[in-house]
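Have a look at the structure below, then the notes.
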Amino acid sequence: GATTPPIRPTPRGRKRSMSLSESLKNGTSVSHASAESVHFVKEFIQGNIDRTLYSKLILNLYFVYTTLEAELDTHGPTNFPTVHFP
């Protein structure tokens, strides 16, 4: 399973929180590994999906990213203040 990387000290001796990219990588590694073994994803990565199916995927992703961005607006200022610029 995924492990949480340790919090690294900053040059001034203070601890800093995990970066956004580190948090995303850590938090999604198991899901990404699982998704990559799904037939649809394998075909998608190889460019073997039909245009209509791809269009449905993109439309559905709109709703996923709308939700993700709303959550980032809620939690970003506290958890990722150095990279969240709404």
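Quick one: what pairs do we get from region 71-86, first residue farther than 13 Å from LEU20 by Cα, second in a helix (DSSP H, G or I) and open to solvent by 80 Å² or more (accessible area, probe 1.4 Å), C-beta under 6 Å, 6+ apart or different chains?
PRO86/ASP73
Examine region 33-49 for a residue that is at pLDDT 85 or above, part of a helix (DSSP H, G or I) and closer than 30 Å to PRO81 by Cα, and state whether such a residue exists.
Checked region 33-49: at least one residue is at pLDDT 85 or above, part of a helix (DSSP H, G or I) and closer than 30 Å to PRO81 by Cα.
Could you give me the residue pairs with C-beta distances under 9 Å whose first residue belongs to region 49-66 and is under 17 Å from VAL38 (Cα atoms), whose second residue is among the hydroxyl-bearing types (Ser, Thr, Tyr) and not in a helix (DSSP H, G or I) wherever it lies, and which are 6+ apart or on separate chains?
none
Restricting to region 59-86, give me the number of residues that are open to solvent by less than 80 Å² (accessible area, probe 1.4 Å) and in a helix (DSSP H, G or I).
Result for region 59-86: 8.
The values are calculated or read from the model by the stated rules, or taken from the named source; none is laboratory data. Note that the structure is predicted; figures quoted are calculated from it, not measured. As a convention, Cβ positions derive from the backbone with ideal geometry for all residues, glycine included, and neighbour counts pool all protein chains shown. Note: accessible area is taken over every heavy atom of the protein model, side chains too, but ligands, DNA and RNA are not part of it. Shrake-Rupley method; radii C 1.70, N 1.55, O 1.52, S 1.80 Å.
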